[in-house]
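Student: My questions will all concern the structure given below.
The values are calculated or read from the model by the stated rules, or taken from the named source; none is laboratory data. Everything quoted here is computed from the prediction, not taken from an experiment. Reconstructed Cβ throughout: ideal geometry from the backbone, glycine too, with neighbour counts over all protein chains shown. With ligands, DNA and RNA removed, areas are computed over all heavy atoms of the protein, side chains included. Shrake-Rupley method; radii C 1.70, N 1.55, O 1.52, S 1.80 Å.
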Amino acid sequence: MKRILLVDDHALVRKGLRSVLQEHRSDWTIGEAACADTACVRVRSESWDLVITDIDLPGQNGLELVKRMRREFPKIPVLVLSVHDERRYGMRSLLAGACGYINKTLPAEQVYDAVEKILNGGRFVSQELAESLVSVVNGERTSAASTHDHLSDREFQIFRLLASGRTASVIARELCLSVKTVHTHRSRALRKMGLMNNAELTRYAFEHDLVD
C-alpha cells in the first residue's frame, strides 16, 4: 500500500486530487497538508512514499519545499503539480530536486502515469523539458540563459506576481510575507534584470510570456 501526501493550500483542489487518485487505486492512502511547514511535520512523523506539491503555497512556496525535502528527506520523491506552464516552472522544479513536473490541466490518466512512474522509482517530464534539462547539464544553455533565469525562486515568484498587477501588500498577504520582504525581493529582481521600475518589469514579463 502506497502513501501519498498532497500539499496544496486549496482544500477543494486537495479533495479533487484525492478523489482522482483513489478512483485509480483505492488501496492508496492519501494525506493532506495546506502548507510546506505542515507537510514537513507530517513527513517527520509519518511514513510517505511520495509528496505531490503545488508551486503556490503560503509561506515557503513549492520550490522551496522541494529543496527542503531534498535536504531533510532525500529518500522521499516529490512531484510538482501546478497550474503554471512548464516553460515557467518546469526547469526550476527539476533543478530544485523534483522527480517530475505536470500541469493541473492534464487528463487524469497522465496524472496517474506520473504518480505510478515515480512510485516505481522513475521520473516524469515532458520530452521538451527533458531535452532542456540535458542541455543545462551539458552546459549548453549557460550563455543563452534569459535574464529572468538568474532570479532566485522567490524573486521569480514575486516578479511574476508584480507583473500580473498585484501590489506589494497583496503579494505579502498571499505569500504570508512582510511588505518589506516583498519590496526587498522586488529590488533584487530589478537589479539582477537591469530594470528600473514595475512598468519595465511588466513589459519584460509579457515579452517573455511569463504571466498568465
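Student: Given the structure, is A36 open to solvent by less than 50 Å² (accessible area, probe 1.4 Å), under 15 Å from F156 (Cβ atoms) and of a type outside the set (S, T, N, Q)? Show your work before the answer.
Tutor: On the way: open to solvent by less than 50 Å² (accessible area, probe 1.4 Å): yes; under 15 Å from F156 (Cβ atoms): no; of a type outside the set (S, T, N, Q): yes.
For A36, the condition - open to solvent by less than 50 Å² (accessible area, probe 1.4 Å), under 15 Å from F156 (Cβ atoms) and of a type outside the set (S, T, N, Q) - is not met.
Student: What are the residues in the range 92-103 that are surrounded by fewer than 21 Cβ atoms within 10 Å (Cβ to Cβ) and out of contact with any Asp or Glu (no Cβ under 8 Å at 6 or more places or on another chain), if any?
Tutor: The answer is L95, G97.
One line per residue, one yes/no per condition, for (1) closer than 25 Å to V83 by Cβ; (2) open to solvent by 20 Å² or more (accessible area, probe 1.4 Å):
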| position | (1), (2) |
| --- | --- |
| F156 | yes, no |
| A163 | yes, no |
| S169 | yes, yes |
| T181 | yes, yes |
| K192 | no, yes |
| N197 | no, yes |
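Student: Got a sec? Which helices (runs of 4 or more DSSP H) wholly within the range 5-124 have at least 1 residues that are farther than 29 Å from H150 by Cα and touching a residue at least 12 places away in the same chain (Cβ under 8 Å)?
Tutor: Numbers: elements: 11-24, 36-45, 62-72, 86-96, 108-119.
Of the helices (runs of 4 or more DSSP H) lying wholly inside the range 5-124, those with at least 1 residues that are farther than 29 Å from H150 by Cα and touching a residue at least 12 places away in the same chain (Cβ under 8 Å) span 11-24, 36-45, 108-119.
Student: Kindly indicate whether any position in the range 60-80 is of a type in the set (F, W, Y), more than 29 Å from E200 (Cβ to Cβ) and either out of contact with any Leu (no Cβ under 8 Å at 6 or more places or on another chain) or modelled with pLDDT under 85 (or both).
Tutor: Initial filter on the range 60-80 (of a type in the set (F, W, Y)): 73.
Now narrow it down to the ones that are more than 29 Å from E200 (Cβ to Cβ): 73.
Imposing the further condition that a residue be either out of contact with any Leu (no Cβ under 8 Å at 6 or more places or on another chain) or modelled with pLDDT under 85 (or both) reduces the set to 73.
Checked the range 60-80: at least one residue is of a type in the set (F, W, Y), more than 29 Å from E200 (Cβ to Cβ) and either out of contact with any Leu (no Cβ under 8 Å at 6 or more places or on another chain) or modelled with pLDDT under 85 (or both).
Student: For the range 39-78, which positions are among the small types (G, A, S) and either open to solvent by less than 10 Å² (accessible area, probe 1.4 Å) or under 14 Å from G100 (Cβ atoms) (or both)? So that I can check it myself, show each step before the final result.
Tutor: The initial filter retains those residues of the range 39-78 that are among the small types (G, A, S), namely 39, 45, 47, 59, 62.
If the condition is that a residue be among the small types (G, A, S) and either open to solvent by less than 10 Å² (accessible area, probe 1.4 Å) or under 14 Å from G100 (Cβ atoms) (or both), then A39, G62 are the ones that fit.
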